[in-house]
Amino acid sequence: MYEQSAVTVVGLGPMGRALARACLDAGLRTTVWNRTPGRDDELVERGAIRARSAEEAVSASDLTVVCVVNYDAADAVLRRDAVIEALKGRTVVNLTADTPERARDTASWAAEHGIRYLDGAIMTPVVTIGTPDAVFIHSGPQDLFRKHLPVLEKLGGTHTHLGEDIGRAAAHDIALLDIFWTAMTGYAHALAVAKAEGITARELAPFAKGIGEILPPIFEEFADEADSGNFSGEDNPITSAASSMAHIIHTSEAHGIDAGVMRAAEGLARRVIGMGHGEDGLIRVTELLGRR
């Protein structure tokens with residue numbers, strides 16, 4: 001396997017600093033650069049090399065790991081003449097979160113300029129970086145992924161190659177973040193309703209955790225139904241779900257709490273029922289949403 005002893009990390013927000021620390025802890029010669037000065041002080045004290053410019057940073061290693069807020073920020077760094085020239089023949093692993101379309105566009109740009117490119121996403125919090133609990137997903141040329149896997153593994157956790165289509169990592173990321181942020185918004189709404197009913201967040205939390213624990217087998221069941229098109233509602237038909245949603249809306253609005261998110265969910269359920277699928281399960285909504 002390809003041996004690599006050097007890496008450059010571009011972008012030193014909380015996640016970028018964690019990535020750089022993991023590289024240093026693994027004994028890699030680590031060059032760092034950030035558009036905002038001062039974020040590299042701790043890393044330099046630990047042995048990182050401070051680059052004076054982005055072009056100097058990417059010139060220091062065959063592999064550059066980019067982790068910034070979005071692809072606009074990544075483009076502002078990478079798509080400059082001096083940086084492009086310095087990157088030719090080198091590899092960029094972009095762990096910046098954005099859309100699949102942006103990932104594919106960047107891959108095309110990189111290929112046009114002789115830059116090797118892998119896209120990826122980090123699916124776990126900052127505190128997991130450098131530990132076995134970190135989860136990374138990657139997409140792009142498999143031979144390039146294999147070449148740089150030894151240094152990527154220094155970031156901790158698991159690294160899964162999802163396929164040659166450069167947009168697959170971002171697509172997974174978007175879908176999984178959809179679950180996360182929808183769930184977090186639901187939890188915030190639940191806490192507001194509970195508070196209005198005199199229940200503290202701390203009182204509700206153990207029961208909320210119980211809800212979380214029943215979800216994994218439901219995810220598996222719904223995945224099978226979505227792929228097969230067999231939307232069984234034998235145990236919990238969508239008519240029952242819609243009734244439950246209506247109770248949440250009524251209680252929320254009685255307390256003056258915005259129920260827009262739940263109203264949208266109920267609206268989807270009612271549309272499915274109106275199409276004659278009231279005996280099917282909730283995941284029938286997937287088919288409705290997927291129609292163009």
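A few notes on this one:
- Scanning the range 1-17 for residues that are closer than 25 Å to ARG79 by Cα and surrounded by 18 or more Cβ atoms within 10 Å (Cβ to Cβ) yields VAL7, THR8, VAL9, VAL10, GLY11, LEU12, MET15, GLY16, ARG17.
- Checked against the criterion of being without any contact (Cβ under 8 Å) to a residue 40 or more places away in the chain and among the charged types (D, E, K, R), the candidates GLU287, GLU225, GLU266, GLU279 yield just one match: GLU266.
- With respect to (1) in contact (Cβ under 8 Å) with a residue 12 or more places away in the chain; (2) touching a helix residue (DSSP H, G or I) at 6+ places or on another chain (Cβ under 7 Å), the lone exception for ALA196 is condition (2).
- One residue stands out in the range 45-70 among those that are within 17 Å of ASN94 (Cβ to Cβ), crowded, with 17+ Cβ neighbours inside 10 Å and aliphatic (A, V, I, L, M): the one that is nearest to the chain's Cα centre (by Cα), namely VAL68.
- Hits in the range 256-281 (condition: surrounded by 13 or more Cβ atoms within 10 Å (Cβ to Cβ), of a type in the set (A, V, I, L, M, F, W, C) and over 24 Å from ILE199 (Cα atoms)): ALA265, LEU268, ALA269, VAL272, ILE273
- Between GLU253, GLU221, the distinction of being out of contact with any strand residue (DSSP E or B) (no Cβ under 7 Å at 6 or more places or on another chain), within 24 Å of GLY290 (Cα to Cα), exposed (fewer than 15 other Cβ atoms within 10 Å of the Cβ) and of a type in the set (D, E, K, R) belongs to GLU221 only.
- Check on GLU42, surrounded by fewer than 18 Cβ atoms within 10 Å (Cβ to Cβ) and out of contact with any strand residue (DSSP E or B) (no Cβ under 9 Å at 6 or more places or on another chain): yes
- The residues on offer are THR158, THR106, THR200, THR185, and the sole one that is modelled with pLDDT of 95 or more, farther than 18 Å from LEU63 by Cβ and either more than 20 Å from the chain's Cα centre (by Cα) or surrounded by 15 or more Cβ atoms within 10 Å (Cβ to Cβ) (or both) is THR200.
Yes or no, residue by residue, for (1) of a type in the set (Gly, Ala, Ser); (2) under 15 Å from LEU12 (Cβ atoms):
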residue: ARG46; (1), (2): no, yes
residue: VAL58; (1), (2): no, yes
residue: ASN70; (1), (2): no, no
residue: ALA74; (1), (2): yes, yes
residue: ASP81; (1), (2): no, no
residue: LYS88; (1), (2): no, no
residue: VAL92; (1), (2): no, no
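The values are calculated or read from the model by the stated rules, or taken from the named source; none is laboratory data. Small disclaimer: the values here were computed from a predicted structure and weren't measured. No Cβ is skipped: glycine too gets one built from the backbone with ideal geometry, and neighbour counts run over all protein chains shown.
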